[in-house]
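In what follows, a structure is listed as structure tokens, so that the remarks can point back to it.
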Amino acid sequence: MRIVVFFSGTGTNLKSILEHQKKYNYEVCSCFTNNPIAGGIGFCNEYKIDCKIIDHKNFNDREKYDGLINSYLENLNPDLIVLAGYMRIMSKSLVDNWEGQIINIHPSLLPKYPGLHTHQRALEAKDKVHGSTIHFVTSELDSGPIIRQESFEIEPSDNEESLINKVKNLEHKIYPETISFLIKQ
Ligand code: GAR
């Protein structure tokens, strides 16, 4: 099973997905980033995975940008497209072309807190629990069908940084597991 991973930043989820390839019997055949200085590029080099970099800042037309992504994906024809901290909204035409094959991980218990600053929003709302959600990507932001959700209790001592770390630790476990689950379906 061949998967493509999209990322924009540090890429710790990408790293965990790469580390679990053998265990879960999938292959990351290529990666994509919109950010030429994303930390995740280092993990692609380490694992000798081709990384396609297209800087979104050189485009003011989302359709044109996503058209290039679509051609990139058509060339590869992956079984699954895994968004791991990819911080760009995808256009409806791109999502529609690959609907059912794109998954995303989001750092909140959706439908709570779509969008940004999820940890801060959970703290401000004095939530008792927080967590992460893996879902299919549809043309509406952070709202496609949920595949898996995991939570933990928020401690009185938690702050934004500790929640980021707790959520990421959880994600590093559940994202490779969920990829493995999906490719067996
Ligand atoms: C992850 O926590 C992921 O859930 C979040 O970005 C982080 C990426 O971390 N994704 C989103 O916020 C998407 N809306 P990483 O670069 O270390 O994997």
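In the set (1) in a helix (DSSP H, G or I); (2) open to solvent by 80 Å² or more (accessible area, probe 1.4 Å), N60 fails one condition alone, (1).
If you take the residues in segment 1-20 that are within 14 Å of the chain's Cα centre (by Cα) and more than 13 Å from the ligand (Cβ to nearest atom), which one is farthest from I183 (Cα to Cα)? Out of the qualifying residues, it is V4. Among the residues of segment 21-49, those identified as within 14 Å of the ligand (Cβ to nearest atom) and assigned to a loop (DSSP other than H, G, I, E, B) are N34, N35, I37, A38, G39.
Within segment 117-136, the set of residues being out of contact with any helix residue (DSSP H, G or I) (no Cβ under 6 Å at 6 or more places or on another chain), within 14 Å of the ligand (Cβ to nearest atom) and among the aliphatic types (A, V, I, L, M) comprises just one member, A122.
Scanning segment 63-83 for residues that are assigned to a helix (DSSP H, G or I) and either within 23 Å of N25 (Cα to Cα) or open to solvent by 30 Å² or more (accessible area, probe 1.4 Å) (or both) returns E63, K64, G67, L68, S71, L73, E74, N75, L76. For segment 113-145, the candidate set comprises residues that are within 20 Å of N169 (Cα to Cα) and among the charged types (D, E, K, R); within that set, the residue that is least open to solvent (accessible area, probe 1.4 Å) is D127.
Considering the conditions (1) surrounded by fewer than 15 Cβ atoms within 10 Å (Cβ to Cβ); (2) more than 10 Å from the ligand (Cβ to nearest atom), S91 is excluded by exactly one of them, (1). Can you confirm whether I154 is away from the ligand (no atom under 15 Å from the Cβ) and modelled with pLDDT of 95 or more? In short, yes. So is K184 more than 19 Å from K15 (Cβ to Cβ) and either more than 13 Å from the ligand (Cβ to nearest atom) or in contact (Cβ under 8 Å) with a residue 60 or more places away in the chain (or both) or not? Spelling it out, K184 is indeed more than 19 Å from K15 (Cβ to Cβ) and either more than 13 Å from the ligand (Cβ to nearest atom) or in contact (Cβ under 8 Å) with a residue 60 or more places away in the chain (or both). Among the criteria (1) assigned to a helix (DSSP H, G or I); (2) more than 15 Å from the chain's Cα centre (by Cα); (3) closer than 17 Å to Y113 by Cα, the one K168 does not fulfil is (2).
The values are calculated or read from the model by the stated rules, or taken from the named source; none is laboratory data. Computed from a predicted model, the values in this text were never measured in an experiment. Here the Cβ is made from the backbone with ideal geometry for all residues, glycine too, and neighbour counts use every protein chain on show. Heads up: the accessible areas ignore ligands, DNA and RNA and are worked out on the full protein's heavy atoms, side chains in. Shrake-Rupley method; radii C 1.70, N 1.55, O 1.52, S 1.80 Å.
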